[in-house]
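Below is one structure; the comments refer to it alone.
The values are calculated or read from the model by the stated rules, or taken from the named source; none is laboratory data. This one's a predicted model, so the numbers in the text were calculated from it and none came from an experiment. Every residue, glycine among them, receives a Cβ derived from its backbone with ideal geometry; neighbour counts consider all protein chains shown. Please note that ligands, DNA and RNA were not included when accessible areas were found on the heavy atoms of the full protein model with its side chains. Shrake-Rupley method; radii C 1.70, N 1.55, O 1.52, S 1.80 Å.
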Amino acid sequence: PVLILTAKNKPRDIVTGLENGANDYLTKPVSKIELIGRVRNLISLKNSIHYHNELSIIKRDIQIAHEIQKNILLKEIPKINGYNFAISYMAMEKVGGDFYDIQKINNDLTAVIVADVSGHGIPAAFISSMFKVAYSFHINETSEPSKLFTRINETMYEFVGGQFITACYVLLDKKNNCIHYASAGHWPPILLKKDGEIINKKDNGIPFGWEKTGEYNTRKLNIETGDRLFIYTDGI
């Protein structure tokens, strides 16, 4: 900031100074208290502009991350005979690292996954996008939960940049009336039986990116008509 100290106090002189880049002016003789006060105000103004510019950049980055996030999520819930799906997505601070997907593998098998990247903003949205690519690629190789998670972890390990991904994957098996599931450092699914019994077997595994040779277990739960299955993150 530029503060002019001048003996010229005519309006035209003051305007000339401001037009040439001055931010403020004081006419001589100068009061020490007023001089210090004006300097402090100009420095505060400079800092405010700096913080405003930083905030504008952050808001722009958050908007970009928000657009990335929208593009990787399902545009609509698929209709699969025998199941009713309901999704509630609530992004933290406009955007987070939450991801979900539902895919019909064949007439008997349907895959459902939820995942959560540590952190928020651009890094989380970017890693979520990478995770979707890895998931979509490897599910074409195998839909078996533990094998799928092992391959995803091997792929993602080098690219998470110190962040981690937790995930819960459920394979709905219509033919055998059961689900097969695996967890990568994530909350396990909650099965609410039609008679009111709640089944919640914990087997968390380790998050993707924690170590390259992570091991994951496939668990099985029997289901029947009228049961409800809950799979969730802090935003889904």
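Some observations on this one:
- Count of the stretch 2-14 residues which are at pLDDT 85 or above and either surrounded by 10 or more Cβ atoms within 10 Å (Cβ to Cβ) or part of a helix (DSSP H, G or I) (or both): 6
- Qualifying residue in the stretch 16-31 (condition: open to solvent by less than 70 Å² (accessible area, probe 1.4 Å), among the acidic types (Asp, Glu) and touching a residue at least 12 places away in the same chain (Cβ under 8 Å)): yes
- Matching entry among Gly226, Gly205 (being on the phi > 0 side of the Ramachandran plot and touching a helix residue (DSSP H, G or I) at 6+ places or on another chain (Cβ under 8 Å)): Gly205
- Considered as a group, the residues in the stretch 15-44 that are assigned to a strand (DSSP E or B) and not charged (D, E, K, R) include one that is nearest to Pro1 (Cα to Cα), and that residue is Tyr25.
- Among the candidates Tyr181, Tyr157, residue that is aromatic (Phe, Trp, Tyr), modelled with pLDDT of 90 or more and either closer than 21 Å to Gly97 by Cα or surrounded by 19 or more Cβ atoms within 10 Å (Cβ to Cβ) (or both): Tyr181
- All positions within the stretch 66-123 that are of a type in the set (A, V, I, L, M), open to solvent by less than 70 Å² (accessible area, probe 1.4 Å), over 21 Å from Glu141 (Cα atoms) and at pLDDT 75 or above: Leu73, Leu74, Ile77, Ile80, Ile87, Val117
- Qualifying residue in the stretch 41-49 (condition: at pLDDT 85 or above and open to solvent by less than 60 Å² (accessible area, probe 1.4 Å)): yes
- Some residue of the stretch 202-211 being under 14 Å from Pro145 (Cβ atoms), under 23 Å from the mean Cα position of the chain (by Cα) and open to solvent by less than 70 Å² (accessible area, probe 1.4 Å): yes
- Residue in the stretch 111-124 that is of a type in the set (S, T, N, Q) and within 23 Å of Gly214 (Cα to Cα) present: yes
- Annotation: of all residues in the stretch 168-178 being open to solvent by less than 50 Å² (accessible area, probe 1.4 Å) and free of Cβ contacts under 8 Å to residues at least 60 places away in the same chain, the one that is farthest from Ala115 (Cα to Cα) is Cys178.
- Residues being surrounded by 17 or more Cβ atoms within 10 Å (Cβ to Cβ), in contact (Cβ under 8 Å) with a residue 40 or more places away in the chain, under 22 Å from Phe230 (Cα atoms) and more than 17 Å from the chain's Cα centre (by Cα) - total across the stretch 131-154: 3
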